[in-house]
Amino acid sequence: MSEVVTTGHRASLWARWTSKSPIVVTFFALILGLLVGAIIIITTTPAVLDAWRAMFHSWGAPGHALKVTFDNVGAAYRTMFTGSVINPSSFGHSLTTGKGWSNTFTPISETLTYAAPLLIASIGVGIAFQTGIFNIGANGQAVLGGIAGAVVGSMLHMPTVLHLPLTLLAGIAGGMLAGSVPGLLKAFTGAHEVIVTIMWNYVMYAFLLFVVLSTPFQQPGQQNDISRTMDPSAQLAPLFGTSSGLRVNYGIFVAIAVVAFAWWFLERSSLGFDFRVTGANPSAAKASGINSRVVLILVFLVSGGLAGLAGIVQAASTTHFIDGGFLIGNAGIGFTAITVALLGRNKPIGIVWASLLFAALGVGGRAMQASTGIPLDLAAVIQSAIVLFVATPVLVKELFRLRAAPTSSLQLAAKGWGS
Amino acid sequence: MTLLSTAKEPALTPAPNRRTRFIAITMGIIGLFSVLVFGLGSVAGAHSSLTFNPVNLSSSAPWHVGTLTLATRWTNIGLGIVMVALGVEVFIRRPSRGVMARFGGVAIMFLIALLLWAGRTPGPSQVSFVNVTAILIGSSAVTMVLVFGSLSGVMCERSGVVNIAIEGQFIGGAFIGSMIASTTHSFVYAAVGGAVIGGLLGLLLAFLALRYQSDQIIVGVVLVTMIGSLSSYLNLQVFTPFPQFNTGNLAPNLAIPLLSKIPIVGPVFFNQSGFFYLMLVLVGVISFALFKTRYGLHVRAVGEHPQAAATVGINVVRVRYINVVLGGAIAGIGGVAFMASQGQFQPGYTSGLGYIALAAMIFGRWRPSGAVVASVIFGLSVYLSYILVSYQVPVSIYILQMIPYFITIAVVAGLIGRVRPPAADGLPYRHD
Amino acid sequence: MRLELRGITKRFGTFTANDQISITVEPGEIHCLLGENGAGKSTLMNVLFGLLHPDEGEILIDGVATKFSNSGEAVRRGIGMVHQHFMLVPVFSVAENVVLGFEPTKSLNRVDYKKATDDIRRISKEFNLEVNPDAIVENLPVGLQQRVEILKALSHDAELLILDEPTAVLTPQEIDALMAIMRSLAEAGKSILFITHKLKEVKAVSDVITIIRQGKVVGTAQPTDSESQLASLMVGRDVALTVEKSAFTPGGEVFEIRDLVVRDDRGLVAVNGVSLEVRAGEIMALAGVQGNGQTELVEAIAGMRPVESGSIMLNGRDITNASPRAVLDAGLGHIPEDRQRDGLVMSMSVADNLVLNTPRRAPFARRGSRNLGAINDNAERLVKDFDIRTTSTQELVSSLSGGNQQKVIVARELSRPLEFLVASQPTRGLDVGSIEYVHRQMVDHRNAGNGALIVSSELDEVFALGDRIAVMYAGKISGIVDPSTSREAIGLLMTGTSDGVTHE
């Protein structure tokens, strides 16, 4: 991949600053992604379109059109921000009156609530990527983990100190089970994990519907696809109590634990070292004694287990039950996790920031939908656009004339079907 | 010192024997299942009636093919035994060719046995017969879409680029197609629109993969996610407030005069929408182009051994661009075809057909003709998973919905190592 | 055509691959280019075929100075190349391969296979290159595949044919057939540039011989000259690099290979019944031109390639077909031939690479967790002891020079308690300083009473290091001699000629 190097004009400070790190590329990719979102808003909001269509009607018309554009796009992005991070005016209000703190902190709380499971799943996907494996099945693994955990959480009854860990463990086990299918198939038949995982996702979705509609797991007295509610002893309780209105919960401790685990695993553990070597150079891995088949199966277990944990954390911390639409769809947590992992360069620290960013986009998207009516799918589009730009760092650099900003190994070894 | 100059990873594939045994055992299990559940699970006196009349009476033929009645239990036991026998044969003889063909045969027999069992009388089913023609017609809609998808895959992968984004091209095509068809009432314009959007997505994929050597699979997956979300968004922004952009787009069937009256198969092949006929034409055209023309020779050379192609002056990158764009356009049309068979656009309703199409392409050994055969099998299994509900099969509908995906997984797992993709498929091309 | 290369010079950085090379090829002449690996033949051919641009010098075709910007132009000017690694699409037929890029067409852009096949049959008959145009290339024996390459060049109206090590992959019978073809092509007026290291063939078929060594033309010869004369021109009479070696006092047998048979990636036999033993305190140097089975032999020893029959014993332990882990644990050190592919992880640090294949137990790991302190200490120590030039032990190995990368591998292997060391082309691509350094390490290892098998296609290295020298040719050991043997004699063994000089 040839580097694009500009000579001459953007010298000294700017060049030195922009060649610092991949964070710069990410920042510009973010800008480009938001730009893409803005274009989509402009082209699909009737008010804006009308204003532009009337562009030639009077001298003031173009200016008016611009104003309408900025108003709409601005409103959308502003509510995204205030809905996910903080609303400056309510912050100010709280400072001066000492009241309404829960209102002020709700956006951040929401973001953190959604970031936690996303982070966990993304770490799982990131570990797989570092081993050279595409775990596109994270969504299905999260679903199965959610199911397993919710079953334990709602159909077994015991005190919290036992129940909660057991529920989480069930989630991990469910994810591992789901992940073992592509793992074993690849290890013993060489089947390429991409199609197997994608197909297995659909199997998991069907299983989910089956489980919430046709088994004792269905909520008693309900005809809809809703499962039993989990016992309070199995839920991840809000940090500040339910009355505070802030949903941020103990799930973030789970997430922090996962990050710590991932960091230890990748940087310090022998097995993690083997994973990384396998991902970086499978030939050298074999020559240095690593058993690729064992690594292959284990990586799916680890990655799947984490995705499953994400699923149950999501369920246990928000809805406390799962329904037929749990995680399903193109913006399900498993797919967002892929984009987050790519954005975070597959490293734990990067993934932390990336999942915060994408959780903010998601939560902000919901707020945007609530106040401006713009559907929250737009947030998912922006996320994908950002990742596409990040996947082509050379493109971003060319667009912004960045000087050879170093790009860490985002490009995985390109491969075809079945080795 | 090798003739085959593709980069090699240390091979993870086990000896072919183990995989063959795995397939054989799977075949045996399926056969055993059929014997036990479909055969012995049927009461001794049960019989299944197969009818062959098209449901659409307006094209009823002057002929009348009678009902074929089979004794359910014995027929299914027989089918099951044949399946087990095939499994045993594969296990013992370990033939080097045709293992997956046998597996395909087992899959078809399984589906037949399943149908016979589901539609037996006396039985829980409300429907007392199995209308073979109707089933063929119904599954042909799914098959058609799968063929478009696998043709797209063939075009791209024969030149060496993996196109995971077929699902996204379906979605894009379906959306644009519905919008255009609703406003212009012309399926031709809709098809053109679908081709354009599919081609643009292909262009994007090619651009990222060829110019920036981005990983083709990652780009494909992210593109699908993006298009999926975008289509959801647009569905809410455009179709919900203006439903007139998304209605009544069922493509009418165009019956070919005499041929559609042929017993049994006439309505299946000759009374279909324009998209179906287009699909058939495309299969012929692409087969011809790939295997008979100069263009096709260049494409295949680029996909197998780009360096050899480059030394004789072929522009590898340009050939790949052209094929990926064309492939994308074909998938886009496939999306329109799907929309036209459903009547409108709904987010997510393609449910992974784009990926099943890829499996069909692999099963069909990257040949259009093979892809058609594979698409028929997959199409049947998908369609059956929809309609088995009406037969009151005592298995949850959701479990039934899993069948096509299981079959796809089995095919992909069983085929790797037995089929050869174009040798340079998915590998970035570095020209010095 | 009359081809003249005048003063062709090509440099890669500081390394001069071709140095003022001048050669003339007359029409109808079979001109042989003789030289060892690394002599610069491939570079020269790439320049001629338009794949590389010379830094100095010019190419004259029939007296006219010509420049090629790509191989397409070279082809159009009448230069055809039969590559060492065939440029054929394996799944295509002969006809499809021959016409690729120059297809005759009929209506609707269809390829006119009938015309193509007729043309092929015509050329086949004219030049005695019988091949079935409908056969699928990958099913043909290698000799016939090569014919297809030749046909391809001829069908593009080539007047000069370059054959790059064409007999490397052929059986003796196929070689004879190729010789006949070359003669008939020359008789028909084509010029042939024949690149090889095999003396018998050179003498059998060439009209003129040019010998290249280390990028320069060192002389011309006639096919009537003796093989010894040719060999000595090819390998030179220089004294080997001096390395201090203590007296040779070998101990007991520590490594033994018996009747080993190993197949290559294509399923052909690459190692054809090799037997040798190495004693403690002894370096066995395995000489031979690359491509005679050495690569597969080392891969089999290291556990990376299955052994079909025969045995490998290390200190009495059978390590035939053991996994790489087991082989390493048994005390084998391995310096792989392709250091970037098999020996190092380029994106990891020097410190990590230094413990890449060390067992994940003490001292570098404890209960599953890596002991970074021990790893770093180890790295610091090794960097100092082995003089690895790097800014820090955390630096990525990809930013090290080739020589230092190799030092990392050497350091890693030699710092473990080893029973035996196997090194393959250990100084390939290294500068003189690094070469000296690596050689010193090997000799120190041997002086300390350990055994080693060093595979090398560089005769200087073989003489410098070997206490005994085994020569491998065509998958067999063609002789085991002591280092007092003359270079010419070794050269003969390397090129398939045995003159009866074989003693332990």
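Across all Cα atoms of chain B, the radius of gyration (one decimal) and Dmax (whole number) stand at 22.7, 73 Å. Peptides A:52-61, B:314-323, C:105-114 ranked from most to least packed give B:314-323, C:105-114, A:52-61, packing being the mean of other C-beta atoms within 10 angstrom over each peptide's residues. Other protein chain C-beta atoms within 10 Å of residue C-beta, averaged over C:75-86: 2. Each of the peptides C:469-476, C:147-154 was scored by the mean count of other Cβ atoms within 10 Å over its residues; in descending order, highest first, they stand as C:147-154, C:469-476.
Max-minus-min Cα coordinates of the protein assembly as shown on each principal axis give 98, 84, 82 Å, with the largest extent listed first. Straight-distance candidates among the aspartates and glutamates for linking to C:Lys200, with alpha-carbon spacing under 20 Å and chain neighbours fewer than 8 residues away dropped: C:Glu29, C:Glu36, C:Asp164, C:Glu165, C:Glu174, C:Asp176, C:Asp225, C:Glu227, C:Glu488, C:Asp499. Toward the positive end of the charge dipole of the protein assembly as shown, with +1 on the Cβ of Lys and Arg and -1 on the Cβ of Asp and Glu, the farthest Cα among C:Ile21, A:Ile382, A:Thr44 is that of A:Thr44.
Shielding of peptide A:382-392 by partners, expressed as the average count of other chain Cβ atoms within 10 Å per residue Cβ, is 5. May I ask you to derive the relative contact order of region B:230-339, considering only C-alpha pairs under 8 Å and at least 6 residues apart, and to give it as an integer percent? That works out to 15 percent. Computed about the Cα centre, the dipole magnitude for region C:3-235 is approximately 280 debye when only Lys and Arg (+1) and Asp and Glu (-1) carry charge, each at its Cβ. Computed over the Cα atoms of region C:3-235, the ratio of the radius of gyration to the Kirkwood radius (Rg/Rh) comes to 0.98. Taking all Cα pairs closer than 8 Å and separated by 6 or more residues, the relative contact order of region C:3-235 comes to 29 percent.
Its Cα centre serving as origin, chain A has a Cβ charge dipole (Lys and Arg +1, Asp and Glu -1) of approximately 1000 debye.
Packing-based ranking of A:194-203, C:135-144, C:278-287 yields A:194-203, C:278-287, C:135-144, ordered from highest to lowest mean Cβ neighbour count within 10 Å.
What's the average, rounded to a whole number, of partner chain beta-carbon atoms within 10 Å of each residue's beta-carbon in B:394-403? All intermediate terms of the calculation are to be shown ahead of the outcome.
Numbers: counts 0, 2, 8, 5, 12, 6, 2, 7, 9, 2.
Other-chain Cβ atoms within 10 Å of each residue's Cβ, averaged: 5.
Along region C:149-163 the Karplus relation, 6.51 cos²θ - 1.76 cosθ + 1.60 evaluated at θ = phi - 60°, assigns HN-Hα couplings of 4, 5, 4, 4, 4, 5, 5, 8, 6, 6, 9, 10, 10, 9, 10 Hz to successive residues, with x for each Gly and Pro. Modelled label positions at C:Gln340 and A:Phe253, each set 7 Å beyond Cα in the direction of Cβ, lie 5.0 nm from each other. Considering only A:Ala148, A:Gln223, A:Trp264, and ranking their Cα positions along the charge dipole of region A:112-361 that arises from unit charges at the beta-carbon of Lys, Arg, Asp and Glu, the one farthest toward the positive end is A:Trp264. Its residue count N fixes a reference of 2.2 N^0.38 Å for region A:112-361, and the Cα radius of gyration divided by that reference is 0.98.
At an R0 of 41 angstrom, the distance between the Cβ atoms of C:Thr66 and C:Gln394 translates into a FRET efficiency of 0.20.
Explain nothing, just the number: relative contact order of region B:135-394, from Cα pairs under 8 Å at least 6 residues apart, as a whole percent.
Rounded, it is 42 percent for region B:135-394.
Since only B:Ser351, A:Val196, A:Phe300 are under comparison, the one whose Cα sits farthest along the positive direction of the charge dipole of the protein assembly as shown, derived from C-beta charges on Lys, Arg, Asp and Glu, is B:Ser351. When the C-alpha to C-alpha distance is required to be over 19 Å, the pairs from C:Lys106/C:Lys152; A:Lys286/A:Lys347; B:Lys292/C:Lys106; C:Lys10/C:Lys41; C:Lys125/C:Lys190; A:Lys186/A:Lys286 that qualify are C:Lys106/C:Lys152; A:Lys286/A:Lys347. Pairs of C-alpha atoms in region C:244-384 farther apart than 24 Å represent 44 percent of all such pairs. For region B:146-190, the mean projected area of the C-alpha convex hull, equal to one quarter of the hull surface, is 3.4 nm². Computed on the Cα atoms alone, the convex hull of chain C gives a volume of 166 cubic angstrom per residue. Charged side chains reduced to their Cβ positions (Lys and Arg at +1, Asp and Glu at -1) give the protein assembly as shown a dipole of some 3380 debye around its Cα centre. Largest GNM mean-square fluctuation among A:Asn139, A:Asn87, A:Asn291, using chain A with Cα springs under 10 Å: A:Asn291.
Under a 5 Å amide H cut-off, with hydrogens placed 1.01 Å from N, A:Tyr250 pairs with A:Ala237, A:Leu239 among residues at least 5 apart or on other chains. Measuring nothing but alpha carbons in chain A and taking Rh as the Kirkwood radius, the Rg to Rh ratio lands at 1.01.
FYI, it's all coordinate maths here, none of it is from the lab. Not measured: the values here are computed from a predicted model. Please note: Cβ atoms are built from the backbone with ideal geometry, for glycine as well, and neighbour counts cover all protein chains shown.
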